[in-house]
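A short worksheet on the structure shown next.
The values are calculated or read from the model by the stated rules, or taken from the named source; none is laboratory data. Just so we're clear, the structure is a prediction, and the values are computed from it rather than from any experiment. Here the Cβ is made from the backbone with ideal geometry for all residues, glycine too, and neighbour counts use every protein chain on show.
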Amino acid sequence: MSITAPVSTESRPRPIQYWTTVITVALGTFAVITSELLPVGLLNPIAEDLTVASGAVGQLISIASVVAGFSALLVTVLAGRLDRRTVLATMLGVLVVANVVSAVAESLVVLMAARVGVGVSVGGFWAIGASLVPRLVPKPQVPRATAIVFSGVSIATVIGVPAGTFLGDHAGWRSAFVAVSILGFIVLLGVLATLPRVPATSEASFGGIVRSLRIRAVRDVNLTTLLVVIGHFAAYTYVAPVLASSAGLPQSQLSSVLMVYGAAGIAGTFIVGALPVRYQRISLSATMALLALSILVIPLVDGLPAVIGVMALWGLAYGATPVGLQTWLLHSAPEYVEPASAIYVSLFQFAIAGGAIVGGFTVDRDVTTPLWTGGALAAAAFLTVITRHRTRTETS
């Protein structure tokens, strides 16, 4: 029997409020992920302003990702019996403060300290926010609501980070951090205004985390997550030099190709979210297969049309991946939604860093090696899905 505490009858949103609530959480996801990845497009201006090496500034992203990995677990446990609306608002408050500190930082040390706050917010908001979806909407709407929440990740990559880069180029890098601070504050107000009271669940504890790991399906989701995310980022981190060397793609066309990739990712997020739950296993299997194939084909393509086509398929598949995995997780451990989601988010964040490390180790052999490695890991994720995906919770 599920022990997940439902949203109280009087506080559960009415049907007309469901999507307002879900969109607010999606905007929060957009805000935290944009903040996490914002330094990607601001490396050079930050390095010049603070007179440090670009490589050192690059660690601003690594710090936030690693902290987010730990934060997903710690915030879930330490939040205790707090109302989850309060927890989300607190995470957004931390994000606002961290970005304000980033905007006024006069040294790399202060900026790195601020990035710790961003990491805390990313891990905590994502873990708690994703776990709330089945408690905010009717069961038939969970896949679509999950897709909307996770669309914040894709849209942050496609629109949020480029917009921050544009603002940084024209008004200074500090203005980009000010902008995401304002966005975070607006979303914070939205959370307080639109989310109902969401009581903590009895499994939101360290013991709940341990018990959720005893469920075979949860372990299978975690294994698949590690394989596919490490594989994706091992390949994606080094796709630019591969496209330049193997496909002869000039730097001037790279941004357009990546925009197509990102737009396809948004489409993939919503397509898989619109599918009925009964097609979950088939859609996730197809997603993993398409992801593996597209990564492995990239080193073999030549010419802009072929590159755009394969990168669009890659984006479509990867955009669908987080939604498919989260949906699998929610249906595998309905009585341990919060701790299982915390583990998932934690591993996802660590896998992002792990993918870049794996790619860095393998790229020294040949520029295409990270893609062969990433494709092989994605293929292993596909095999895990088709052999281990179950529709009911299994324990061992």
Gln141 passes all but one of (1) modelled with pLDDT of 85 or more; (2) surrounded by fewer than 24 Cβ atoms within 10 Å (Cβ to Cβ); which number fails? (1)
Part of a helix (DSSP H, G or I), touching a residue at least 40 places away in the same chain (Cβ under 8 Å) and farther than 16 Å from Gly28 by Cβ - does that describe any residue in the range 90-102? yes
Check on Ala72, under 19 Å from Phe177 (Cα atoms) and either of a type in the set (Gly, Ala, Ser) or part of a helix (DSSP H, G or I) (or both): no
Restrict the check to the range 178-191 and report whether at least one residue is in the same structural domain as Thr34 (by TED's automatic domain parsing), modelled with pLDDT under 80 and not acidic (Asp, Glu). no
Working only within the range 19-64, note down all residues that are crowded, with 23+ Cβ neighbours inside 10 Å and out of contact with any helix residue (DSSP H, G or I) (no Cβ under 7 Å at 6 or more places or on another chain). none
Select from the range 232-264 the residues that are part of a loop (DSSP other than H, G, I, E, B) and under 24 Å from the mean Cα position of the chain (by Cα) and list them in ascending order. Thr237, Tyr238
For the range 241-296, give me each residue that is free of Cβ contacts under 8 Å to residues at least 60 places away in the same chain and over 26 Å from Ser151 (Cβ atoms). Ala244, Gly248, Leu249, Pro250, Gln251, Ser252, Gln253
Tell me the residue from Val122, Val104 that is within 26 Å of Ile266 (Cβ to Cβ), out of contact with any strand residue (DSSP E or B) (no Cβ under 6 Å at 6 or more places or on another chain) and either small (Gly, Ala, Ser) or in the same structural domain as Val67 (by TED's automatic domain parsing) (or both), please. Val122
Kindly check whether there is at least one residue in the range 103-116 that is within 19 Å of the chain's Cα centre (by Cα) and either assigned to a helix (DSSP H, G or I) or surrounded by fewer than 24 Cβ atoms within 10 Å (Cβ to Cβ) (or both). yes
Can you tell me which residues in the range 265-301 are aliphatic (A, V, I, L, M), out of contact with any helix residue (DSSP H, G or I) (no Cβ under 7 Å at 6 or more places or on another chain) and not in a helix (DSSP H, G or I)? none
